[in-house]
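Below: the structure, in structure tokens.
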Amino acid sequence: MVAGDMQGFPKRNEIIAYVVAVLPFVISFTSITTVNGRVTSYADFADVILGGILLVIALRNSIFIREGEPKYKIIRIVLMIVLILLALFHIAGGLGFLVSLPPPLGFGA
């Protein structure tokens, strides 16, 4: 990357990460199996795929922390941590690990 490419905030890749972070809240491709009203199997493929993409994008954007303008370093670190946690939340939710949590995080037991 050229030094001029590291100027400014947010970068195009950072904006893409923010959009991908919101998409799993809007898009859903779920597979739910219930027995006697209890959820026994849950998968949301959009959450898993978009969460994985978000994780990759957030980690690749770490170059802006190292080589970007120093005045934006702290905010980029905070946003990267938030994006990584959100990606892990989407992946865990999509794989069904959060099903037994009370609403709004899960579907209840």
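Below, the figures for the structure above:
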{"quantity": "Gain on full stretching of the segment that runs from S100 to I75 - 0.36 nm per residue minus C-alpha separation", "calculated": "5.6 nm"}
{"quantity": "Net length gained if the chain between T40 and L59 were fully extended (0.36 nm per residue, minus Cα distance)", "calculated": "3.5 nm"}
{"quantity": "Length-normalised contact order for the stretch 8-94 - Cα pairs under 8 Å, 6+ apart - percent", "calculated": "35 percent"}
{"quantity": "Proximal charge balance of G96 [Cβ under 12 Å; K/R count +1, D/E count -1]", "calculated": "-2"}
{"quantity": "Charge sum, other residues only, whose C-beta stays under 12 Å from F29's C-beta, Lys/Arg counted +1 and Asp/Glu -1", "calculated": "-2"}
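None of the figures in this text is laboratory data; all of them are computed from the coordinates on show. Model, not experiment: these values are computed from the prediction. Heads up, the Cβs are rebuilt from the backbone with ideal geometry, glycines too, and the neighbour counts pull from every protein chain shown.
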